[in-house]
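Asks: Dumping the structure here so I can ask a few things about it.
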Amino acid sequence: MTADPVPAGAPLRTRSARTAGSRALILDAAVACLVEDGYAGASTLAVQARAGVSRGRLLHHFPSRAELLVAAAGHLSTTLLAEVEARAAAVMADQPAGPERVDRAIDLLWATFQEPPFWAAMELWTAARTDPGLRAALRTEERRLRAAIRRVADGIWGPEVAAAPRYAEVCELLFTSMRGVACVYAFAERPAATDPHLALWKGLAARLLVAGEGGNGQA
């Protein structure tokens, strides 16, 4: 069977487009392996088979397993952050202020810890403890990702809240606390949307960030 002829006038894919396409295919396959099968199941052979590419093509883009999986986690996280920005625009469309904005922001942020990127990151963080190569690759990606998360968070909170004196401290506290609590859901069978920590986070953030709730945004 011969390939279908290319329609007259149809543009041919450039080398850079083909390269970008194969890279995206590999990253999508790596994400699927990482989320579905964990770090142990996300071998380069498994990714290669799922992506349907040659060994040479995979190694051309990602010479090591660590680079491949860190890039996959970053790819997935970048996609999620774009989705979170879109969700935030819809949730905050009516421009809520004060405690109501804080409540909505907390709900949005907490929801991201139930998404595939968080669990992919958990697999990598755990493996990095005993894998120096993965740890080095992950450290660089983490810095880039944290900057992107901060930018998205600033947009969710809005300029008024972000101007509070203790905003940076509260954001860091919320991030680390949510990450720790989310780990429980690896084995807990309960709805994350009703987690008892939500009320605690909302109350604390309102007291520290909203003028009139706790001394003009100060403790």
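Asks: With 10 angstrom as the radius, rank Val161, Val70 by how many other C-beta atoms surround their C-beta, starting from the fewest.
Replies: Numbers: Val161 23, Val70 26.
Fewest-to-most Cβ neighbours within 10 Å comes out as Val161, Val70.
Asks: Let me check against my output: what whole-number percent is the relative contact order of the range 64-209, with C-alpha pairs under 8 Å and at least 6 apart? Write down the numbers at each step before the final one.
Replies: Numbers: 85 pairs, mean separation 52.1, N = 146.
Here the relative contact order equals 36 percent.
Asks: Next question. Enter the Cα centre distance for the pair the range 118-161 and the range 24-66, rounded to the nearest angstrom.
Replies: 20 Å
Asks: Set the Förster distance to 25 Å, then compute FRET efficiency between Arg139 and Phe187 from the Cβ-Cβ distance, nearest 0.05. Kindly include the intermediate steps, with their values, before the conclusion.
Replies: Details: r = 28 Å, r/R0 = 1.11.
Using R0 = 25 Å, I get an efficiency of 0.35.
Asks: Determine the calculated [θ] at 222 nm for the chain from helices alone, applying -39500 (n - 2.57) to every DSSP H run no shorter than 4 residues and normalising by the residue count; nearest 500 deg cm²/dmol. Could the numbers behind the result be given before it?
Replies: Details: 10 runs with 157 residues, N = 219.
After summing the helix terms and dividing by the residues of the chain, the value is -23500 deg cm²/dmol.
Asks: Quick one: Arg87, Arg23, fewest Cβ neighbours within 10 Å first, how do they rank? Intermediate values should be presented prior to the final figure.
Replies: Numbers: Arg87 14, Arg23 19.
Going from least to most buried by this count: Arg87, Arg23.
Asks: Next question. Would you mind computing, in nm to one decimal, how far apart the modelled labels at Gln114 and Arg55 are, each placed 7 Å from Cα along Cα→Cβ?
Replies: Going by the 7 Å Cα→Cβ label model, 4.3 nm.
We did not get these values from a lab; they are worked out from the coordinates using the rules stated. Keep in mind the model is a prediction, meaning the values are calculated, not measured. FYI the Cβ positions are ideal-geometry reconstructions off the backbone, even for glycines, and counts take in every protein chain you see.
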